[in-house]
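Asks: Below is one structure. I have some questions about it.
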Amino acid sequence: MADRPLPPPETAIDWLKSMTLIRRFEERAGEQYTRAKVGGFLHLAIGEEATIVGAVAALRPTDYMIATYRSHGQALARGSEPGRVMAELFGRVDGLCRGRGGSMHMFDLERRFMGGFGIVGGNLPLAAGFGLTSDYLGSDDATLCQFGDGASNQGTFGETLNLAALWSLPVVFMVTNNQFGMGTSLERHSAQTDLQVKGEGFGVPGLECDGMDVIDTWAVTAEALRIAREERQPVLVEALNYRFRGHSIADPEDYRSAEEVLEWSKRDPLVTFADRLIAEGVINEAQREAIDLEAIATVDEAVAFADASPEPDPSSLYDDVYVLSDQVRGWYSADHRGAGLQKGEELA
Amino acid sequence: MAEMRYREALNQALAEELERDPNVYLMGQDISVFGGAFKVTEGLMDRFGEKRIRDTPISENTIVGIGVGSAMTGLRPVIELMTINFSLLALDQIINHAAHIRYMFGGQVSVPLVVRMPQGAGHQLGPTHSHSFEALYLHVPGLLVAVPSTAADAKGLLKTAIRDDNPVIFIEHETLYGQRGEVPDDPDFTVPFGLAAIRREGNDVTIIGISRMAQTAERAAEQLAAEHGIEAEVIDPRTLRPLDLDTILESVAKTNRCVIVEEGWPHGGVGANLAALIQEQGFDDLDAPVGRVTGVDAPMPYAKSLEQIAFPHEEQVIDATLALFGDRKRASRG
Ligand SMILES: Cc1ncc(C[n+]2csc(CCOP(=O)(O)OP(=O)(O)O)c2C)c(N)n1
Ligand SMILES: [Mg+2]
């Protein structure tokens, strides 16, 4: 653990609570998946909580946050209601996206959590777009864009970093280097394994943080955001971390050894941070236990909320395909059927 | 009314909308200093400055993605892709992002984005530079697709596209940029989406022309009247999403015959789609199978002699139309 000083006690406790909630939420989501309450893919962030909470803690409420398909934690850290995140996993109407996006596509506009994106590398250009809006409107909102080590090989990585630097956009790009893109290890997918230098040729300086340490992640992200916001200079931050679970739930993990996972689990960001808070007298054992029980209770409520939420009504299938107006009067007017009464339809 | 070229009409639409709404901005390769590969944006940088008329690197996917991101957060980007051929590099941002973001996030945001680009063959540019892709974009729910074939429509539809809150694929045509037409100068002039234009009235057959093929269809119709006594009704749908199917069906109910003309490939084409809709909705009105005239089912060749027979001209439209009348009409002529 890096030897940065602890933040004020209430802040430290907030971070521990947030990391604990993510851990318990993810565990429960995995459980619900095996019980077929959750469909599709489910990518858990267990082991990556410090990277999420540290980075989000450095943001202002008006800053934009954008992430990948592994982003239940980002939504929770940004303040989205756990019940609505769980309901999205369950595909229910009270889900953050009314059951349209699922696990990979969380979104909470109110909290400027700008998604959850299923396409590896697809979110980088959007982040630059948010940065352009801030620049264009003369606001000092910044954008934080998280993506994986695997995504740093996409064309959008180079294209976006170049444009962000060229246009002096206030964006922090954070590559979450969890050592793997699915089952392909870093040294097998990237010729340059020191990812923080990958932006230099594009005019984007790099910083590195210990993504297993919430304080270091917060401190480095805060500095990167300051540079982006005040100096109008995009920054690439490499957060080194490790995911303790498989890439998604259906992953036999043949590409790595149990010993390696065990070795990293000794640096479990939740455990090490809580241990330090106890060692430095910020909390005691009983408080750690209480924080954990509170997180479990919150997740219990989230599951109950999601369970009670109705399935989307079939009549909502076409909602929000388009913004309706005089030009697009209903989904049908842009659909194949034409606006009038169709053959075989009765007058209502 | 003023007479101007198609490219000037587009330029006027852009200038008026830039003037009207400070959040409208333009972005694309070589659009500012150079004035656009087809000179559509000429003079706009001098008038509106580099902040609003933005030259970009050659990074199609990311340019569209930046447009999407800025549209999600309050701006109204109008992107120029140099030609539709290069939009293939941006398909991920156009389909997975622009078209689906509103839906997949449960309606929390909209993406008021316009992607303008010209299409079409005829300049001996070979397979990579001669595509017509209206069918590709028509395929995608969440996108609106406009295919203006006249200067007035170019202006009126572009203004509507910029004002609409949905992502719009705005397909211009390379060979139309220099064509002149009468264009209203009223800054409030717009052409609504989902309203087909009847270019020529007739009772014998309905010919639907897409993009520049609306003009080819019109010329073929004149020849059909003069040489074969067939009065064709020519329809230009102007937008494919939303589609004015009602106007098409009304026309077919009157003429009982229909031919669809497009420049793109036959399989999964606009004509294939329209033919399916017309037979579903108007089967009883048809006296003959719906005819289709398309580009040939091959990449576009370079050699002029081959290229010219690889996309439709009046002759193919006339042949396809006559075929719908079988021997009866031809016999009556002979
Ligand atoms: C464009 C694209 N290609 C492939 C995939 C399938 N896929 C999903 S996640 C993933 C690995 C990405 O690894 P990384 O960027 O390191 O992120 P991590 O999953 O480790 O968080 C792949 C290949 C995808 N979703 N999108
Ligand atoms: Mg990874």
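The values are calculated or read from the model by the stated rules, or taken from the named source; none is laboratory data. In this text, all values refer to a predicted model and were calculated from it rather than measured experimentally. Every residue, glycine among them, receives a Cβ derived from its backbone with ideal geometry; neighbour counts consider all protein chains shown. The accessibility values were calculated without ligands, DNA or RNA, using every heavy atom of the protein model including side chains. Shrake-Rupley method; radii C 1.70, N 1.55, O 1.52, S 1.80 Å.
Asks: Kindly state, as a whole number, the per residue volume in cubic angstrom of the convex hull around the alpha carbon atoms of chain A. Each step should come with its number before you reach the end.
Replies: Values: hull volume 57.8 nm³, N = 348.
Residue-normalised Cα hull volume stands at 166 Å³.
Asks: For chain B, which whole-number percentage of the solvent-accessible area (1.4 Å probe, protein heavy atoms only) is attributable to carbon and sulfur atoms?
Replies: The computed percentage sits at 51.
Asks: Calculate the FRET efficiency for A:Arg329 and A:Ala297 from the Cβ-Cβ distance with a Förster distance of 45 Å, rounded to the nearest 0.05.
Replies: 0.40
Asks: If you don't mind, another one. Hey, with R₀ at 45 Å, roughly what FRET efficiency would B:His123 and A:Tyr318 work out to, going by the Cβ-Cβ distance, to 0.05? Walk me through the numbers before you get to the answer.
Replies: Working: r = 40 Å, r/R0 = 0.90.
Efficiency for this residue pair is about 0.65.
Asks: Using the Karplus curve 6.51 cos²θ - 1.76 cosθ + 1.60 with θ = phi - 60°, what ³J(HN,Hα) values do you get for each residue of the range B:315-324, in whole Hz, with x for Gly and Pro?
Replies: Going residue by residue, I get 4, 5, 5, 5, 4, 5, 5, 4, 4, 6 Hz, with x marking Gly and Pro.
Asks: Taking Cα pairs under 8 Å and at least six residues apart, what relative contact order does chain A come out at, in percent?
Replies: Values: 655 pairs, mean separation 75.2, N = 348.
In percent, rounded to a whole number, it is 22.
Asks: Any idea of A:Leu21's accessible area? Nearest 10 Å², probe 1.4 Å.
Replies: Roughly 30 Å² of A:Leu21 is accessible to a 1.4 Å probe.
Asks: Classify the range A:281-330 from the C-alpha gyration tensor, please: rounded if a/c falls under 1.5, else prolate or oblate depending on whether a/b exceeds b/c.
Replies: oblate
Asks: Over chain A, with a Gaussian network built from C-alpha contacts below 10 Å, which listed residue (A:Asp254, A:Asp141, A:Asp108) shows the highest mean-square fluctuation?
Replies: The residue that fluctuates most here is A:Asp254.
Asks: If you don't mind, another one. Ordering A:Arg24, B:Arg116, A:Arg267, B:Arg47 from largest to smallest accessible area (1.4 angstrom probe), what's the sequence?
Replies: Numbers: A:Arg24 65, B:Arg116 5, A:Arg267 95, B:Arg47 145 Å².
From most accessible down to least: B:Arg47, A:Arg267, A:Arg24, B:Arg116.
Asks: For the range B:24-39, in order, what is each residue's ³J(HN,Hα) by Karplus, 6.51 cos²θ - 1.76 cosθ + 1.60 with θ = phi - 60°, in whole Hz (x at glycine and Pro)?
Replies: Once θ is set to phi - 60°, the couplings for the range B:24-39 become 7, 9, 10, 8, x, 7, 6, 8, 9, 4, 6, x, x, 4, 10, 6 Hz.
Asks: What number comes out for accessible area per residue over the protein assembly as shown if the probe is 1.4 Å? Units Å², please.
Replies: Counting only protein heavy atoms, the per-residue value for the protein assembly as shown is 37 Å².
Asks: For the range B:64-88, which residues drop by 10 square angstrom or more in accessible area between the chain on its own and all protein chains together (1.4 Å probe)?
Replies: The answer is B:Gly65, B:Ile66, B:Gly69, B:Ser70, B:Met72, B:Thr73, B:Leu75 - residues whose exposure falls by at least 10 Å² when every protein chain is included.
Asks: OK, next. Reachable aspartates and glutamates from B:Lys155, Cα under 13 Å, same-chain residues fewer than 8 places away excluded?
Replies: Partners within reach: B:Glu3, B:Glu8, B:Glu16, B:Glu17, B:Glu172, B:Glu182, B:Asp185, B:Asp186, B:Asp188.
Asks: Report the antiparallel proportion of the DSSP beta bridges in the range B:2-183 as a percent, rounded to a multiple of 5.
Replies: Counting DSSP beta bridges with both partners in the range B:2-183, the antiparallel share is about 15 percent.
Asks: For chain B, modelled as a GNM with alpha-carbon contacts under 10 angstrom, which of B:Glu222, B:Glu60, B:Glu263 fluctuates the most?
Replies: Most flexible of the set in this elastic network: B:Glu222.
Asks: Can you run the Rg to Rh ratio on chain B? Use alpha carbon positions and the Kirkwood inverse-distance Rh.
Replies: Reported Rg/Rh, Kirkwood definition of Rh: 0.98.
Asks: Let me ask something else about it. With labels modelled as points extended 7 Å from the Cα through the Cβ direction, what inter-label distance (nm, one decimal) is found for B:Glu19 paired with A:Ala258?
Replies: 7.5
Asks: Heavy atoms only, probe 1.4 Å: what % of the accessible area of chain A goes to carbon and sulfur, would you let me know?
Replies: Values: 7140 of 13850 Å².
Ligands and nucleic acids excluded, carbon and sulfur reach 52 percent.
Asks: Using only the Cα atoms of the range A:78-180, what do you get for the radius of gyration and for Dmax, in Å?
Replies: Looking at the range A:78-180, its Cα Rg and Dmax stand at 14.9, 43 Å.
Asks: A further question follows. Taking springs between alpha-carbon atoms closer than 10 angstrom, which of B:Ala161, B:Ala99, B:Ala90 fluctuates most in the Gaussian network model of chain B?
Replies: With Cα springs under 10 Å in chain B, the top fluctuation among B:Ala161, B:Ala99, B:Ala90 is at B:Ala90.
Asks: How tilted is helix A:269-279 with respect to the longest principal axis of chain A? Cα atoms for both, answer in degrees (0 to 90, nearest 10).
Replies: Tilt relative to chain A: about 50 degrees.
Asks: Kindly provide log₁₀ I(q)/I(0) values, in the same order as q = 0.14, 0.15, 0.16, 0.21 Å⁻¹, from the Debye equation applied to equal alpha-carbon scatterers of the range B:188-334.
Replies: For the range B:188-334, the Cα-only Debye profile gives -0.63, -0.72, -0.82, -1.32.
Asks: Quick one: Debye curve from the C-alpha atoms of the range B:2-183, no solvent, what's log10 I(q)/I(0) at q = 0.11, 0.12, 0.13, 0.18 Å⁻¹?
Replies: So the normalised log intensities are -0.42, -0.50, -0.59, -1.19.
Asks: Considering only DSSP beta bridges where both residues belong to the range A:9-312, give the percentage that are antiparallel (nearest 5).
Replies: Close to 10 percent.
Asks: Then there is this: Give me the net charge for the shell around B:Ile84: Cβ to Cβ below 13 angstrom, other residues only, Lys and Arg +1, Asp and Glu -1. Intermediate values should be presented prior to the final figure.
Replies: Values: positive: B:Arg116, B:Arg212; negative: B:Glu60, B:Glu80, B:Glu134, B:Glu172, B:Glu174, B:Glu263.
Its environment carries a net charge of -4.
Asks: For the pair B:Asp186 and A:Val93, what calculated FRET efficiency results from E = 1/(1 + (r/R0)^6), where r is the Cβ-Cβ distance and R0 = 56 Å, to the nearest 0.05?
Replies: Once the sixth-power term is evaluated, E becomes 0.80.
Asks: If you consider only alpha-carbon coordinates, what radius of gyration and Dmax does the protein assembly as shown have, in Å?
Replies: Just the Cα atoms of the protein assembly as shown yield Rg and Dmax of 28.4, 105 Å.
Asks: Then there's this: Restricting to the protein assembly as shown, compute how many DSSP beta bridges are antiparallel as a %, nearest 5. Walk me through the intermediate numbers first.
Replies: Working: 12 of 64 bridges.
Looking only at bridges with both residues in the protein assembly as shown, the antiparallel portion is about 20 percent.
Asks: Separate question: Enter the buried accessible area of the A/B pair, total of both sides, probe 1.4 Å, in Å² rounded to the nearest 100.
Replies: That pair of chains buries around 4400 Å² in total.
Asks: Starting at the first residue of the range A:246-263, write each ³J(HN,Hα) from the Karplus equation 6.51 cos²θ - 1.76 cosθ + 1.60 with θ = phi - 60°, in whole Hz, x for Gly and Pro.
Replies: Whole-Hz 3J(HN,Hα) from phi for the range A:246-263: x, 4, 9, 4, 8, 9, x, 6, 6, 8, 8, 8, 4, 5, 4, 4, 4, 4.
Asks: Now, a different point. What are the residues of the range B:127-172 that lose 10 Å² or more of accessible area, with a 1.4 Å probe, going from their chain alone to all protein chains?
Replies: Residues of the range B:127-172 that lose at least 10 Å² of accessible area once the other chains are added: B:Pro141, B:Gly142, B:Leu144, B:Thr160, B:Asp164, B:Asp165, B:Asn166.
Asks: For the pairs A:Lys17/A:Lys266; A:Lys37/A:Lys266; B:Lys39/B:Lys304, flag any whose C-alpha to C-alpha distance is greater than 29 Å.
Replies: A:Lys37/A:Lys266, as the Cα separations exceed 29 Å there.
Asks: Apply the a/c threshold of 1.5 to the C-alpha gyration tensor of the range B:215-258 and tell me whether it is rounded, prolate or oblate.
Replies: It comes out oblate by the Cα gyration axes.
Asks: Relative to the first principal axis of the alpha-carbon coordinates of chain A, what is the inclination of helix A:9-34, with its axis defined by its Cα atoms, in degrees from 0 to 90 and to the nearest 10?
Replies: Compared with the principal axis, the helix lies near 50 degrees.
Asks: Which residues' amide hydrogens lie under 5 Å from the amide hydrogen of B:Ser32, considering only partners 5 or more residues apart or on another chain, with H built in the peptide plane?
Replies: Those lying under 5 Å, H to H, from B:Ser32 are B:Asp55.
Asks: Can you list the residues, at least 5 places off or on another chain, whose amide H is less than 5 Å from the amide H of B:Arg76, using H built in the peptide plane?
Replies: Hits under the 5 Å cutoff: B:Val24, B:Tyr25.
Asks: If you don't mind, there's one more thing I want to ask. Residues of the range A:114-134 that become at least 50 Å² less accessible with every protein chain present than in their own chain isolated, using 1.4 Å: which are they?
Replies: Flagged in the range A:114-134: A:Phe117, A:Ile119, A:Pro125, A:Leu126, A:Leu132, A:Thr133.
Asks: Cα-based Rg of the range B:27-89 per 2.2 N^0.38 Å, rounded to two decimals?
Replies: In units of the 2.2 N^0.38 Å rule of thumb, it is 1.07.
Asks: 5 Å is the cut-off here: which amide hydrogens, built 1.01 Å from N in the peptide plane, fall below it relative to B:Glu233, excluding neighbours closer than 5 in sequence?
Replies: Residues meeting the criterion, in which the H sits 1.01 Å from N, are B:Gly202, B:Asp204, B:Val205, B:Thr206, B:Ile207.
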